[in-house]
Amino acid sequence: MRVLAAILWKDLITEWRSRDRVVAMLVFSLLVVIVYHFALPEGTGPDIAVHTPGLLWVVFVFAALIGLNRAFAMELENDALAGLALIPADRGWVFAGKAVANALLLFLVQGLAAAAFGLVFDIDLAASALPLAGVFALGTLGIAPVGTLLSAMAVRTRFREVLLPILLLPALFPVLAGAVEGTAEVLRDGGPSFASVQLLLVVDGIYWIICFIGFDYVLDE
Amino acid sequence: MNGLGPIASRLRTVSGALLGILLVTYVYTVANAPIDSVQGVIQKILYVHPPLAYGAYLGFVVTAVCGGLYLWRADEKWDRLAIAGAEVGVIFCTLMIVTGPIWAKGTWGKWWSWDPRLTVTLLLWFVYLAYLLLRSFSEGGARTARFAAVYGLVGIALIPLNYFVIEIFGGRGMHPENLERGSLGEGMGLPFLMGNLTLFVAFWWFVLARWELENLRALGLAKRADPMARAREEIA
């Protein structure tokens, strides 16, 4: 647990000092929102409300990919990755620290990007901010573990930025299905249904366990 | 090198011979199977499509199980078998994804439908394409093997999760629930059985051949890396 806290603290403090990942994720998210404006000529009509959950999660996935690509790339400098591998504790905790940091950054960007989306497409997301935040958090907790695990793999390959989305996107289907459904239910009924929350919890739990164990085999010196 | 090599080689010979016999009977029974009264001749895809699906899933199970064995035992032969399973699985899966829409166009009237089973299989196909890309983009050696094993296990965990998703959100299936329960017309049982049997044996024949090839490659690489062996070869 102490390792988790230390890694988390290290990642957050580096991010706070440079702010490059969050800024990159945010700028990219806003650009995607602008692309939506061109992709949906009549997007500002009532139609947009139906598509909001899906469109939002596309933004979030793109933001996550941008952030995750950097998650381990920054550890390559000065061979910091080898240092992480040599930590005298279960490497799973290194993973957990990294994954929690990734989740927090993504969650922050989600909030800002959703606010911008609601603003420009005139959708009142603030009214259901709390349940929305809950669904976003559950979805993010599903993206973060697989994303962190696969990012640690991709960073050790050629074409790492290309490989990560190819590895990650097929694995995200259960998370995205639950998250999009949950978001739609919040916007429609004011709260997510038991089924989507249950699905997200189950998937999150399974992913955290698999990735916690699997990370031991992924990180090496 | 290991005791499994000669056994695998013998198994491949036996399955190859068996495959030859089965193929002839298979083609004969399919050619003589009755034409479906509703769907017409296109229904004969039945004798190829589901057997391919079983092979595809089997390949992915082989990959995941061998990946797990590799992580557990750190024995490279399991990793090489995992490669064989993934490659043959992807080929079976690709053929299934090709034959499916042809049948669908003839019977459902459209090439594709987001039927649960289709969706899950398509996702699985992407997972294992990613698996092969991961292998080819990594630098090789133990790290590649470990990465691939972990990814293969994540991939197999996705199958039940994806079905869980579909069950919760109630995807309407267009695939028949159970083919075996007497839904086959008269005279269609035998060619269907032959199709399953033949492609099952073909699957293992391909896997064993691919495994042997990978074993030989590893042997060749080891030999090239060993200066003594090279010197001995030069003298001879």
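Cα axis of helix A:194-218 to longest principal axis of chain A: angle in degrees, 0 to 90, nearest 10?
20 degrees
What is the fewest-to-most order of A:SER196, B:SER15, A:SER128 by other Cβ atoms lying within 10 Å of their Cβ? Spell out each step's value before the answer.
Values: A:SER196 25, B:SER15 21, A:SER128 18.
The fewest-first ordering by Cβ neighbours comes to A:SER128, B:SER15, A:SER196.
Any idea what % of Cα-Cα pairs in the protein assembly as shown are farther than 37 Å?
Values: 38271 of 104196 pairs.
In whole percent, the share of Cα-Cα pairs in the protein assembly as shown beyond 37 Å is 37.
Can you sort B:GLU186, B:GLU167 by how many other beta carbons sit within 10 Å, fewest first?
On the way: B:GLU186 6, B:GLU167 12.
Placing the least packed residue first, the sequence is B:GLU186, B:GLU167.
Check cross-link reach from B:LYS223 to the lysines: straight Cα distance under 26 Å, and skip same-chain residues fewer than eight apart.
Result set, ordered by chain and number: B:LYS77.
Using a Förster distance of 35 angstrom, determine the FRET efficiency expected from the C-beta separation of B:LEU132 and A:VAL27, and round it to 0.05.
Between B:LEU132 and A:VAL27 the formula returns 0.55.
In degrees, nearest 10, range 0 to 90: what is the angle between the Cα axis of helix B:189-225 and the longest Cα principal axis of chain B?
20 degrees
How large is the direction-averaged shadow of the alpha-carbon convex hull of chain A, in nm²?
Averaged projected area of chain A's Cα convex hull equals 12.0 nm².
Using a simple spin-label model with points 7 Å from Cα along the Cα→Cβ vector, what separation in nm is obtained for A:GLU77 and A:ALA127?
It is 4.6 nm.
Quick one: helix A:173-189 against the long Cα principal axis of chain A, what's the angle to the nearest 10°, folded into 0 to 90?
With both axes taken from Cα atoms, the answer is about 40 degrees.
Once amide H atoms are built 1.01 Å from N in the peptide plane, which residues 5 or more positions from B:ASP36, or in another chain, come under 5 Å H to H?
B:GLN43
Pop the C-beta distance of B:LYS110 and B:PHE169 into the FRET formula with R0 = 22 Å and round what comes out to the nearest 0.05.
The calculated FRET efficiency here is 0.55.
For segment B:12-77 and segment A:83-161, write down the distance between their C-alpha centroids in whole Å.
Cα centroid to Cα centroid, the span is 41 Å.
Please label the shape of segment B:1-157 as rounded, prolate or oblate, based on the square roots a ≥ b ≥ c of the eigenvalues of the alpha-carbon gyration tensor (a/c under 1.5 means rounded; beyond that, a/b larger than b/c means prolate, else oblate).
Oblate, because a/c is 1.5 or more while a/b does not exceed b/c.
Of A:HIS51, A:HIS37, B:HIS49, how do they rank once you tally other Cβ atoms within 10 Å and put the fewest first?
A:HIS37, A:HIS51, B:HIS49
Here, each number is a calculation from the coordinates, and none is a lab measurement. Since we're looking at a predicted model, the values are computed, not measured. Quick reminder, even Gly has a Cβ in these numbers, built from the backbone with ideal geometry, and neighbours come from all protein chains shown.
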